[in-house]
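Asks: I have a structure here, written as C-alpha cells, and I will follow up with some questions on it.
Bear in mind that the values in this text are calculations on the coordinates, not laboratory data. Note that the structure is a prediction, hence the values are computed from the model and not measured. In this analysis, Cβ positions are derived from the backbone assuming ideal geometry, glycine residues included, and neighbour counts consider all displayed protein chains.
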Amino acid sequence: MIKQWMTGIVAALGLALAAQAVAAPKAPDETLKTAVAEIQDLLAKNHVKYKADKPSYFKMVDEKIVPHFDVPYIARSVLARNWKTATPEQQTRFQEAFKNMLIRSYADAMLENYDSVKVEWKPVRMADGATDATVNTSLLRNGKPPVGIGFSMRLVSDDWKIADITIENLSLVQNFRGQFTSELKKNDLNSLITRMEGGQFSTDTPKSGAAQK
C-alpha cells in the first residue's frame, strides 16, 4: 500500500518537469509526456551520484521538479479554512515546510523507481481556452495491476502546473487536508509548522482496496 502510493508520487514528480522557454503553453498532457523523458534521462545519467550525494539530489528535486507543482495553490487547499486565519509569515513558512516534507517523504522513492514503470496516456478532453484540465493515465508495472493516476492541472502564467494528484481515486490534497485538519484540532498552526520544519510530522498514506493488492 505505502509502496504503491509512493510509486504514484514518483510518477507525479517525474512527470512534473516541464519544458522550458516555449512561446505558447503546450497542451497539459504534452507537457507531461515531454517531462517523462527529461526527468528519466536526468535520473539515469546521475543515478549513482544522487544515491551517494543526497543533498545534491534533494537540491535538484527542489530546483528542477518542485517549481512545476503549484505549491502555493496546494498549500492553500490542504490548509483549507485555516489558511485564511494564518498570518502571512505562517503561510510562507507552511508552504516551505510542506514542500520540504514532500521532498523528504517521496524523493527517495522516485530515485529508486524511476526506471521501473511505464505510463499509458488517456485522451484529454478540454474546452478551447480552458485554464484547468485533468490528465488521466495508467501506471504500468511489471507483474502488477495497473494503477490509475489523474493529474489536475492549472494554467499559471502560461505554464501548466500540477494542482492535485489522484491515485486510484484518492486525492493527495484531500489526504493531507484531512491530516492537517485533524492535527490542528489538537495543536495550533505554529506548533504544526515547527514540527514539519524539524521533520517530526509524519505523513500517512491513504488506504484503498486497490492499494492493498
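Asks: Tell me the Kirkwood hydrodynamic radius of the range 24-176 in angstroms, computed as one over the mean inverse distance between distinct C-alpha pairs. All intermediate terms of the calculation are to be shown ahead of the outcome.
Replies: On the way: mean 1/r = 0.0591 Å⁻¹.
After inverting the mean inverse Cα-Cα distance, the result is 16.9 Å.
Asks: Do any of Lys84/Lys118; Lys54/Lys186; Lys45/Lys161; Lys51/Lys84; Lys144/Lys185 go past 29 Å between their Cα atoms, and which?
Replies: Long pairs (Cα-Cα over 29 Å): Lys84/Lys118; Lys54/Lys186; Lys51/Lys84; Lys144/Lys185.
Asks: When Ile39, Ile167 are ordered from fewest to most other Cβ atoms inside 10 Å of their Cβ, what list results?
Replies: With the sparsest Cβ surroundings first, the list reads Ile39, Ile167.
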